[in-house]
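Below: the structure, in structure tokens.
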Amino acid sequence: MSSDTFANVIQVVATLIALVGLAVSFEFSRRGQKLQQQASADAARQAEESNRAAQAAAQRASAAAALTIDDLTRIADGVERLAAATRASVAGAQAAGAGSGAAPRSAGDPARFESPGLPAAPAWRLERVGGSEYRLTNTGTAPAFDLWVGGAPSLDGPHGVEPGTELPHQASVMFRAAILPTTTDSTITVTWASARGGAERSSWRYPLPEA
């Protein structure tokens with residue numbers, strides 16, 4: 001083999017080695033860019049999911065606050081109705097005493113009137129037992145008939161309460177429910193009838209306890 005031929009062979013081999021090195025370098029670079037793009041996409045997706053979860057948590061808190069305001073309003077209305085009934089009872093007792101010629105007594109005298117009692121009715125307590133298990137207790141003074149327990153659309157559940165359940169006072173019923181990362185409203189709604197077969201229904205709403 002002449003020196004020129006040998007030199008040409010060396011040049012061809014060197015060129016091939018350079019091309020192979022360039023191809024390997026390009027492949028590593030391509031894979032690195034792909035991995036970097038995938039990592040960036042994963043980070044963006046995680047950030048978006050975290051943002052959605054934070055927004056959902058804020059909406060749940062807003063819904064729970066609205067329920068608290070609603071409960072306070074109903075309590076205030078109930079107190080006002082009871083106060084009005086008490087005033088009416090006092091006025092009636094005073095009028096009866098005046099008509100009979102009896103000596104007037106102070107409005108605070110317990111012998112003057114009987115404070116109107118609250119009607120027997122169901123009342124509710126919702127508590128987390130553990131995991132996705134919850135207990136709903138009728139803490140009132142009357143049974144609840146035709147019980148129905150439902151949840152907001154973004155909530156998983158509740159499951160396990162048969163519609164039409166009859167729940168005596170001081171009795172409980174268990175159900176399963178879960179707050180998802182995308183849950184925007186964790187409200188549980190309870191409806192019931194005050195009499196067996198009754199058409200008139202009452203309702204109670206409360207956010208699902210998260211802890």
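Here, each number is a calculation from the coordinates, and none is a lab measurement. Since the structure is predicted, the reported quantities are computational estimates derived from the model, not experimental observations.
Hull surface divided by four, with the convex hull built on the Cα atoms of the range 148-211: how many nm²?
4.9
In terms of modelled amide H atoms, which long-range or inter-chain residues lie less than 5 Å from the amide H of residue 129?
The answer is 134, 135.
Could you run the Karplus curve 6.51 cos²θ - 1.76 cosθ + 1.60 with θ = phi - 60° over the range 143-160 and give me ³J(HN,Hα) per residue in whole Hz, x for Gly and Pro?
Computed from phi, the couplings for the range 143-160 are x, 10, 10, 6, 5, 9, 10, x, x, 5, x, 7, 9, 8, x, x, 10, x Hz.
Please compute the length gained on full extension between residue 23 and residue 7, using 0.36 nm multiplied by the number of residues separating them and subtracting their Cα-Cα distance. Provide the component values of the computation, followed by the final result.
Working: separation 16, 0.36 × 16 = 5.76 nm, distance 2.41 nm.
The span from residue 23 to residue 7 would gain 3.3 nm if fully extended.
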